Amino acid sequence: MMMMMFILFCAMLDQTSASLARSEIESLVSLMNSLNRTGWYSSLPRAKVENACEWPEIGCECEGGDGLCKISFVSFYGMDLTGELPRDGLPNKLESVKIFDVGNNRLRGAVTNAFVRSFPNLKSLKLGVNNLEGSIPYELGNLKWLEEIDLDGGFTEGQIYYDDGFPEAKKNKYGVPGSHFGNQFTGQIPESFRFLQRLKVLNIHRNLLSGPISYNALAYLQSLEYLDLSGNRDLSGEIPAAAVGRLRNIKELFLDDCAFSGPIPLGMSSAEELEVIVLEGNKLSGRVNPRAFPINITTLDLHDNFFSGPIPETLSIFKRLEVLLLHGNMFSGEVPQSLRRLPVLKTVSLAFNRNLCGPIPFFLPNAPKEAIEEECDKPTEPCKLYPARIETNLGKPCECARRG
């Protein structure tokens, strides 16, 4: 009796073993052909598309009563794909897909609104470290469940390639079409992003965005925790402090290596969860006003700008500050002794501020030039961010510019 029940159970499993719905198969085949037009999947032993739910790159939901499955995630990360995202979208919408990850490939071409509409319920879109270009699709703002957008341009040497006949003189020059270090999205962040109420991560690092940042594109992202727009060398205007100040959940802000200018406006201080602020490598100037920053910051990176005047005594209000990077500016005068009141301060770099003078702070040993040169991209990553005072006049008495 038990044996008969076991056989019956196995037969039921065989009958209900789910396969992809026909509409899902059509879209998956269209997608894979577009991502690599040579039909990379045809040579794989597991490549029968009806059984794609068995592939590690495809996840499925098989809860329907018809015994058919729907795709829930697509992950073709790091598979050296060289095609394009389907410009005209897919034959049928993949409505159950929550994660779409084709990062770290060599995909080219634009990301179209038609493509975005093929995934109406996405939570995570990962297109980073490819060779995509064109404007960021407006339609992304209509994906109401979206929590993560990764369009990272990347840095990896493996990304660099050159079209046939590419001029030798232009090789290794950042931002030249045909010579890619990664994605090259242009234009601005669409104002439709204001509708992304669930968005937590927005990464558009090292692309070709330009112009000032629209207040409406950022200010309404109430769930945003991580924002990286660094390395967009034509992003200009003021730091979008008023928009950032409205982001009640923002924790990390990277606006480095852009072309922002002028003083840092007030407004960011109301973003009370903000801990990491990286503004290095811009054209920011004037005096640093600590009131521009939230009280809970742990990392403040302002190096390689044009800030001048004394280092503010009131930086001592930031009791959680661990990393303070001010090198490569035009600061003058003595280093304030009030910095000794920062209980968890670990790293301070004041190098290449020629007008700093006076006593050497107790926490500031000298450091080799190599330590500065080997500084990594983000101060939150492990790297050689040593305290440094090279190319300053620290240790020499300050002199008055005129009598009195």
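This table checks each residue for (1) of a type in the set (Phe, Trp, Tyr); (2) surrounded by fewer than 17 Cβ atoms within 10 Å (Cβ to Cβ); (3) in contact with a Cys (Cβ under 6 Å, 6 or more places away or on another chain); (4) over 20 Å from Asn393 (Cβ atoms).
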position	(1), (2), (3), (4)
Ser285	no, yes, no, yes
Ser308	no, yes, no, no
Lys319	no, yes, no, yes
Val323	no, no, no, yes
Phe331	yes, no, no, no
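In this structure, Ala367 does not satisfy being part of a helix (DSSP H, G or I) and surrounded by 15 or more Cβ atoms within 10 Å (Cβ to Cβ). Scanning the stretch 74-89 for residues that are within 12 Å of Gly103 (Cβ to Cβ) and of a type in the set (S, T, N, Q) yields a single hit, Ser75. Any residue that is in contact (Cβ under 8 Å) with a residue 60 or more places away in the chain and aliphatic (A, V, I, L, M) - is there at least one of those in the stretch 253-276? Within the stretch 253-276 (the criterion being in contact (Cβ under 8 Å) with a residue 60 or more places away in the chain and aliphatic (A, V, I, L, M)), the answer is yes, since at least one residue qualifies. Restricted to the stretch 56-87, and to residues there that are buried (at least 18 other Cβ atoms within 10 Å of the Cβ) and out of contact with any strand residue (DSSP E or B) (no Cβ under 9 Å at 6 or more places or on another chain), the residue that is farthest from Arg117 (Cα to Cα) is Leu81.
Looking across Thr347, Thr299, one residue alone is surrounded by 15 or more Cβ atoms within 10 Å (Cβ to Cβ), at pLDDT below 95 and not hydrophobic (A, V, I, L, M, F, W, C). It is Thr347. Is it true that Glu26 is of a type in the set (Asp, Glu), within 30 Å of Asn203 (Cβ to Cβ) and modelled with pLDDT of 90 or more? No; evaluated as a whole, the condition is false for this residue. Within the stretch 236-249, none of the residues are touching a Lys or Arg at 6+ places or on another chain (Cβ under 7 Å) and either within 23 Å of Ala110 (Cα to Cα) or part of a loop (DSSP other than H, G, I, E, B) (or both).
Can you name every residue in the stretch 60-99 that is within 26 Å of Glu133 (Cα to Cα), part of a loop (DSSP other than H, G, I, E, B), without any contact (Cβ under 8 Å) to a residue 60 or more places away in the chain and among the polar types (S, T, N, Q)? Scanning the stretch 60-99 gives a single hit, Thr82.
Where residues in the stretch 233-246 are buried (at least 24 other Cβ atoms within 10 Å of the Cβ) and not β-branched (Val, Ile, Thr), which of them is nearest to Val276 (Cα to Cα)? If you could, list the steps in order and put the result at the bottom.
Let us first name the residues in the stretch 233-246 that are buried (at least 24 other Cβ atoms within 10 Å of the Cβ), namely 235, 239-240, 244.
Okay, now just the ones that are also not β-branched (Val, Ile, Thr), so 235, 240.
Numbers: Leu235: 20, Pro240: 15 Å.
If we take residues in the stretch 233-246 being buried (at least 24 other Cβ atoms within 10 Å of the Cβ) and not β-branched (Val, Ile, Thr), then Pro240 is nearest to Val276 (Cα to Cα).
The values are calculated or read from the model by the stated rules, or taken from the named source; none is laboratory data. Not measured: the values here are computed from a predicted model. So basically every Cβ, Gly included, is an ideal-geometry build from the backbone, and we count neighbours across all protein chains shown.
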